[in-house]
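Beneath this line is the structure, given in structure tokens, with notes to follow.
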Amino acid sequence: MRILVGLILASLLAGEATAQIEQFAAMPRIWYADISPNGSHLATGCSPRGVREICIYDLVSGAAPVVIPAPDGGEMSTFSWPSDEYLLYYVHTVQSLRTSGGLRTRTLSQPVSYSLATGRSSLLLVNSGLASPLIGTSDRVAMEITFLLDDTQGGLIRASRPGDFGTVVYEMNLENGRRVRRLEVSSGQTIDFVLDQNGETILDVRYDDDTGEFSIQRAGPGPRGEIYSGHFPSETPRIFGLVDGGRAVAISFPVEGLRRLDVESGALTDFSVPNVDIARARPIVDDYAMSVVGFAYTDELPRQVFTNPVLAGLLTELQQILTEDSVTISAWNADWTKLVIEGRDMGRPAKYYLLDLASGGLGLLDVEVEFADSEAAGVRSSIVYEASDGLSIPAFVTLPPGQSIQTGPFPLIVLPHGGPQSRDTGEYDWWASFYASQGYAVLQPNFRGSSGYGHEFVEAGYGGFGTRMIDDMIDGVHYLQNAGIANTGRYCAAGASYGGYAALMLALRDPENVACVISFAGVTDPFAIMESSSALNTELRYWEQYTGSRYGSSAEQAVITPVERAGEYRAPLLILHGNQDTTVPFGQFRLLRDAMGNRSDARFVEMDGADHYLGNPDARATLLRESQAFLEQYFPAN
């Protein structure tokens, strides 16, 4: 009788665990939204069948939404309305391409046009982006594609060793996906053409990958010539688009941050907005009017400051009506009568609202993830601690549901972000929330080298890829332990991409205290990636800033290379990697697996068909299921 009861109880618990994994692994119910220029249609990123798809709502007739299904073997990304008749969306696929360096696997981004009238989708140029909506021609857009010129073959290819750039702009037919005509073509070193809404070329942006020289040339029918030049060996400035009716561009520089560049004079001026650190902000550009209407930034959650008085007034009213801590306007139609609003609280799934000013209606579109128990996502808060050298390190901590700092200490999992020039925020995090639901405190440190805190903070990480940046994470562990939030002694390290690498390095730099390692798509030999990569010189120089020179001694390289130190691991390892990963090659998984030999406490999981970004529920569920079993064996919460 006791055996039967035990089996029933075990079955119930297993079923509960499976349901919980599926809930945390599920794709967001809503993940993006945009409104057509005339306000007649709303497109939302949705997941009615468990994978990312697009739902289109007719806001005039109120008819049932049309669902654009996810393609076989591809994942949907962002979308926009270039006109009232067509939606432009992007699909990512993994394909093998023949290059001068042989057959290489690449992730390609392909825009697809969807016709509201016919319900048909048409493929456009591979790896191209929207250059101009061509206002006044509802079934045409300008698409831009940049190649590398292959000197050995004398032609255009999609990937090669570093060479000159070639950029082409085509007018494309949205109804059938065909090229109508070529609008612009460069012979070399042009990495971007900046076009206005009508398709007229305003600027020609050039870059010499060998020297790092970046320049902006005035194009178009008027006087031509260089209006800006600078030396950027590892990171180039980013142009957000034309502003001030086409008289200037909003451009962000690696060090100075966001500036305004006058198209005629080449003068650089600051955007000055009270209470906003422009160096850390990005412009909010109204694509219909080609003007900067405000600025967005993130402290703990997304924030906006609008300079446009209409949008500023609307945001103020919305912040008084909605209860969420973070309220932002993410989309609108051409005359600002219909708007999509996002509301967020710390650690809680985002809510999306639709505001119709004509009717005065404000309604909930959907919530990112819906939990039966509102506390299930855990308790998330921000902290700042001091690294051993005195640098302040921002971080986020997620505690088990219903708990608080005062009810600790808890068993700890350190979950560093990828990048490494990225960051964690106070927004809902499905991975951290799952671990918290299992009884763990989860630390997500924004270690030096992370973005979002200014260039000096990024620069502080240079040369610390596997050393000082890892020590920042260990300092965070000590802070939580001293504060009584985390158990003293042992903890587990987990992460993806650079975070997976960091988890592996934590076990090497703090071997006495790391109880286990969970690494998804982690780098295991950074120098092997750089040496075998077909990346540009600028990309190699970028990574050398973080890792130190790849021409250093083998002993120096070995210090930050998990493969070279495989024999030093004391902690059990769970290593997962998608075999369709083109960001951190799957070969990195094989290198560590071969180096580890037949250790019984090292589990290697090849995830068939998975890429680098955990963009489908099956990949997420595999990660959570494997890590749950691994933690129960080597680092149980109870």
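Structure notes:
- Here is the figure for the stretch 230-276: residues that are free of Cβ contacts under 8 Å to residues at least 60 places away in the same chain, surrounded by 13 or more Cβ atoms within 10 Å (Cβ to Cβ), small (Gly, Ala, Ser) and out of contact with any Leu (no Cβ under 9 Å at 6 or more places or on another chain) total 4.
- Of all the listed residues (273, 205, 263, 243), the sole one being among the aliphatic types (A, V, I, L, M) and closer than 29 Å to residue 541 by Cβ is 205.
- Of the residues making up the stretch 558-585, those that are within 18 Å of residue 602 (Cα to Cα) and more than 29 Å from the chain's Cα centre (by Cα) number 9.
- Residues (β-branched (Val, Ile, Thr) and touching a residue at least 12 places away in the same chain (Cβ under 8 Å)) located in the stretch 394-410: 397, 398, 405
- For the stretch 514-532, the criterion of being in a loop (DSSP other than H, G, I, E, B) and without any contact (Cβ under 8 Å) to a residue 60 or more places away in the chain is met by no residue.
- Residue satisfying all of: in the stretch 87-115; among the small types (Gly, Ala, Ser) and at pLDDT 90 or above; surrounded by the most Cβ atoms within 10 Å (Cβ to Cβ) among these: 113
- Residues satisfying the stated conditions in the stretch 212-229, i.e. surrounded by 17 or more Cβ atoms within 10 Å (Cβ to Cβ) and of a type in the set (Lys, Arg): 218
- Sole exception among (1) at pLDDT 95 or above; (2) surrounded by fewer than 16 Cβ atoms within 10 Å (Cβ to Cβ); (3) over 17 Å from residue 428 (Cβ atoms) for residue 358, by number: (1)
- Scanning the stretch 536-567 for residues that are assigned to a loop (DSSP other than H, G, I, E, B) and touching a residue at least 40 places away in the same chain (Cβ under 8 Å) yields 536, 548, 560, 561.
- Residues (of a type in the set (S, T, N, Q) and part of a strand (DSSP E or B)) located in the stretch 186-229: 190, 201, 215, 217, 229
- Each residue in the stretch 326-346 was checked for being outside any strand (DSSP E or B) and surrounded by fewer than 22 Cβ atoms within 10 Å (Cβ to Cβ), and 6 of them qualify.
- Taken together, 495, 489 contain a single residue that is of a type in the set (Gly, Ala, Ser) and either assigned to a helix (DSSP H, G or I) or closer than 27 Å to residue 611 by Cα (or both), which is 495.
Conditions tested, residue by residue: (1) in contact with a His (Cβ under 8 Å, 6 or more places away or on another chain); (2) aliphatic (A, V, I, L, M); (3) over 17 Å from residue 467 (Cβ atoms).
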| site | (1), (2), (3) |
| --- | --- |
| 482 | no, no, yes |
| 486 | no, yes, yes |
| 493 | no, yes, no |
| 499 | yes, no, no |
| 537 | no, no, yes |
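- Options 442, 458; residue that is touching a Phe, Trp or Tyr at 6+ places or on another chain (Cβ under 9 Å) and either surrounded by fewer than 24 Cβ atoms within 10 Å (Cβ to Cβ) or not charged (D, E, K, R) (or both): 442
- Residue list for the stretch 259-299, filter: of a type in the set (A, V, I, L, M, F, W, C) and modelled with pLDDT under 90: 271, 273, 276, 278, 279, 281, 285, 289, 290, 292
- Verdict on residue 70 being of a type in the set (Gly, Ala, Ser) and modelled with pLDDT of 95 or more: no
- Filter result for residue 73 (surrounded by fewer than 17 Cβ atoms within 10 Å (Cβ to Cβ), free of Cβ contacts under 8 Å to residues at least 12 places away in the same chain and of a type outside the set (S, T, N, Q)): no
- Failed criterion for residue 575 (all others in (1) of a type in the set (Val, Ile, Thr); (2) at pLDDT below 95; (3) buried (at least 18 other Cβ atoms within 10 Å of the Cβ) hold): (2)
- Condition met for residue 447 (surrounded by 24 or more Cβ atoms within 10 Å (Cβ to Cβ), of a type in the set (A, V, I, L, M, F, W, C) and touching an Asp or Glu at 6+ places or on another chain (Cβ under 8 Å)): yes
- Filtered residues of the stretch 614-636 (kept if touching a strand residue (DSSP E or B) at 6+ places or on another chain (Cβ under 8 Å) and part of a loop (DSSP other than H, G, I, E, B)): 614, 615, 616, 635
The values are calculated or read from the model by the stated rules, or taken from the named source; none is laboratory data. What you see is a predicted model; the values in this text were computed from it and never measured. FYI the Cβ positions are ideal-geometry reconstructions off the backbone, even for glycines, and counts take in every protein chain you see.
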